[in-house]
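Okay, structure first, notes after.
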Amino acid sequence: MKVEIKKLSGIRRIVNVEVDKVLLKEDRKRVYQDLGKELKVPGFRKGCAPLDILERHHGKFLKEKFLEWALPTYYERAIREKNITPAALLRIFDVELREDSLKFSFEVELKPQIEIEESLYKGIKIKEKKIEMKEEEYEKIKENMKSEIEKIVDGKIDDSYLARWYGYPNEDVFKEAMFCEIKSRKLAERREYLEEQIVSYLLKKIKVEIPQKTLKDFLERLVEEEMRKVQIEINAKDRLEKYRKDIENKLLPYARQRLKLFYILETIAKKENLKIERNLLYDVVISYILSYAQWV
């Protein structure tokens, strides 16, 4: 099989494929024989007609089905042979199937191949965010909770009643529990603050050419998620379309950044040989980077 690659841009490629006569003949014979098992030909039991007679009666069908098998099969062989990793198959075109040859071309966007020096993610300077527990925060939360309960019971309540309402024997135990919740929230905010520093640094320092088809598909998924939230509230079709367009414009920068970050983190994970499930990529790689951070 002859495979030639033409570079269109950093990550876009045109690949021309020509399947040789011997390979084509073997594959076509096997596919036709498999298909022929279910085809009827006058004068023969089903599946027993010779190939030449089978082609005479079902030629168009066999050709269509063979191409359905051949194009994805030879596409996969071509990308393996040339060791390329597509992010998206954009199109297959110029398909030419003859008796002794098959030629076709396809256009792909490759996954970005990013060169990231170790110094770009090890030793990043991180600012600490100290956690402070203030009495007034507890008091504010307590008063808000009391106000909500007072609306239900239609009367004033004291701190002891509030504690028992939420399942605590007294105010001291309730207060301790509330401080734990406040601290948990502040710890989450601290983690988010640290992660934002790392993400901002990586996005600023590392260049990535984003595959446009992948970006388009990702953006579409994000938009669909948002549209499902409002579709019941917005009934008019013209208003829905306008809202969709507005959402697309707002989400495009976010989608681009998330994809860029994904490719960066994936590259770091591979470079450091981190064993990660796909859904844990962000958490694990960010934690790995934090383990080498410089605190300032």
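Scanning the stretch 148-181 for residues that are out of contact with any helix residue (DSSP H, G or I) (no Cβ under 6 Å at 6 or more places or on another chain) and under 30 Å from Lys127 (Cβ atoms) gives Phe179, Cys180, Glu181. Just a yes or no: is a residue in the stretch 137-152 surrounded by fewer than 10 Cβ atoms within 10 Å (Cβ to Cβ) and assigned to a loop (DSSP other than H, G, I, E, B)? No: the stretch 137-152 contains no residue that is surrounded by fewer than 10 Cβ atoms within 10 Å (Cβ to Cβ) and assigned to a loop (DSSP other than H, G, I, E, B). Cβ-Cβ distances below 7 Å connect the following pairs, each with a first residue in the stretch 262-285 that is farther than 11 Å from Ile116 by Cα, a second residue that is surrounded by 15 or more Cβ atoms within 10 Å (Cβ to Cβ) and of a type in the set (D, E, K, R), and a separation of six or more residues or different chains: Leu281/Glu266.
Going by what's in this entry, would Lys175 be described as charged (D, E, K, R), surrounded by 14 or more Cβ atoms within 10 Å (Cβ to Cβ) and either at positive phi or in the same structural domain as Glu266 (by TED's automatic domain parsing) (or both)? Before you say what the answer is, go through the steps one by one.
Numbers: charged (D, E, K, R): yes; surrounded by 14 or more Cβ atoms within 10 Å (Cβ to Cβ): yes; either at positive phi or in the same structural domain as Glu266 (by TED's automatic domain parsing) (or both): yes.
Answer is yes for this residue.
Of the residues Phe106, Phe66, the single one that is touching a residue at least 24 places away in the same chain (Cβ under 8 Å) and assigned to a helix (DSSP H, G or I) is Phe66. The single residue among Lys134, Lys127 that is within 29 Å of Lys204 (Cα to Cα) and outside the structural domain of Leu67 (by TED's automatic domain parsing) turns out to be Lys127.
How many of the residues in the stretch 161-170 are more than 15 Å from Asn144 (Cα to Cα) and either modelled with pLDDT under 95 or not in a helix (DSSP H, G or I) (or both)? Before the answer, list the steps.
Kept after step one, since they are more than 15 Å from Asn144 (Cα to Cα), are these residues of the stretch 161-170: 164, 167-170.
Checking the rest, the ones that are also either modelled with pLDDT under 95 or not in a helix (DSSP H, G or I) (or both) come to 167-170.
The qualifying residues number 4.
The criterion of at least 3 residues that are farther than 26 Å from Ala88 by Cβ is met by the following helices (runs of 4 or more DSSP H) wholly inside the stretch 210-296: 237-271, 281-290. The residues of the stretch 123-136 that are touching a helix residue (DSSP H, G or I) at 6+ places or on another chain (Cβ under 6 Å) and charged (D, E, K, R) amount to a single one, Lys129. The residue of the stretch 282-296 that is nearest to Phe262 (Cα to Cα), among those that are surrounded by fewer than 16 Cβ atoms within 10 Å (Cβ to Cβ) and small (Gly, Ala, Ser), is Ser287.
Quick one: is Arg56 loosely packed, with under 15 Cβ neighbours inside 10 Å, at pLDDT below 90 and either over 30 Å from Lys37 (Cβ atoms) or of a type in the set (D, E, K, R) (or both)?
Working: loosely packed, with under 15 Cβ neighbours inside 10 Å: yes; at pLDDT below 90: yes; either over 30 Å from Lys37 (Cβ atoms) or of a type in the set (D, E, K, R) (or both): yes.
Yes; evaluated as a whole, the condition is true for this residue.
The listed residues are Leu194, Leu202, and the only one of them that is part of a helix (DSSP H, G or I) and either under 20 Å from the mean Cα position of the chain (by Cα) or on the phi > 0 side of the Ramachandran plot (or both) turns out to be Leu202.
The values are calculated or read from the model by the stated rules, or taken from the named source; none is laboratory data. All figures in this text were calculated on a predicted structure; none of them were measured in a lab. Cβ: placed from backbone, ideal geometry, glycine included. Neighbour counts: every protein chain shown.
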